[in-house]
Every structure is written in C-alpha cells, then in structure tokens.
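Derivation of every value follows stated rules applied to the coordinates shown; laboratory data play no part. Keep in mind it's a predicted model, so treat the numbers as computed, not measured. Virtual Cβ from ideal backbone geometry, glycine too; neighbours counted across all protein chains shown.
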Amino acid sequence: MSTAMNFSTKSFTPRPPDKGAFPLDHFGECSAFKERFMECLRHSGYESAACRQRAMAYLECRMDRRLMANEPLEKLGFKDLINEKSEEKTEK
C-alpha cells in the first residue's frame with residue numbers, strides 16, 4: 001500500500017522577473033561607481049537615502065554599458081534628484 005501523495009496535478013512553471021535580466025558586471029566596468037556607493041553606505045550607517053546620488057550614478061553607468069535595460073531615472077525613483085540637477089544648471 002502506497003501512502004505517497006501525488007502532487008503532479010499542479011506544476012510550477014518559473015517566469016522571468018518583470019524587468020528582465022540583470023547581468024553581472026564581469027569586466028568591472030561600473031565597479032568604481034559601486035565602490036563609491038558602498039563606501040557612502042558604510043559612512044552613513046547603511047542609510048541608503050544619504051547615498052541616492054551615488055546610486056543613481058551607478059545605475060546610469062549600468063544603463064550606459066547595457067548591463068541593464070534603459071529606464072527613465074524618474075521610474076527608478078530619482079525624479080527629485082533630476083529636478084535638482086536641472087535647477088542647478090539654470091542657476092549657473
């Protein structure tokens with residue numbers, strides 16, 4: 001007599017992430033940006049809000065080198081930083 005349960009009626013099919021692949025930076029093209037961001041995190045007690053400028057620079061590096069899909073920075077949560085940049089340019 002077999003007491004094993006049969007779970008084969010429902011199968012799990014994995015699906016890719018919504019934003020697609022996030023390839024590793026094998027050649028270290030953005031490692032300087034990453035190190036600056038990590039250093040900022042260490043100095044700020046791992047408070048990520050204090051390092052948003054460096055996070056934005058890191059993501060821009062990844063997008064420029066096609067290590068991630070190009071996304072508007074506004075959609076990535078940096079709208080306020082972009083507005084600050086444009087305001088600084090108009091003041092100069």
As an exercise, use a Förster radius of 25 Å and the Cβ-Cβ distance of ARG42 and ARG65 to find the FRET efficiency, rounded to the nearest 0.05. 0.50
Short version: ³J(HN,Hα) in whole Hz for each residue of segment 37-46, in order, from phi by Karplus 6.51 cos²θ - 1.76 cosθ + 1.60 (θ = phi - 60°), x for Gly and Pro, what are they? 5, 5, 5, 4, 4, 4, 6, 9, x, 6
Filter the GluC sites (Glu not before Pro) in segment 37-66 to those in DSSP coil with at most 11 other Cβ atoms within 10 Å of their Cβ, and list the result. GLU47
Can you give the Kirkwood hydrodynamic radius for segment 30-78, in Å, rounded to one decimal and based on Cα pairs? 11.1 Å
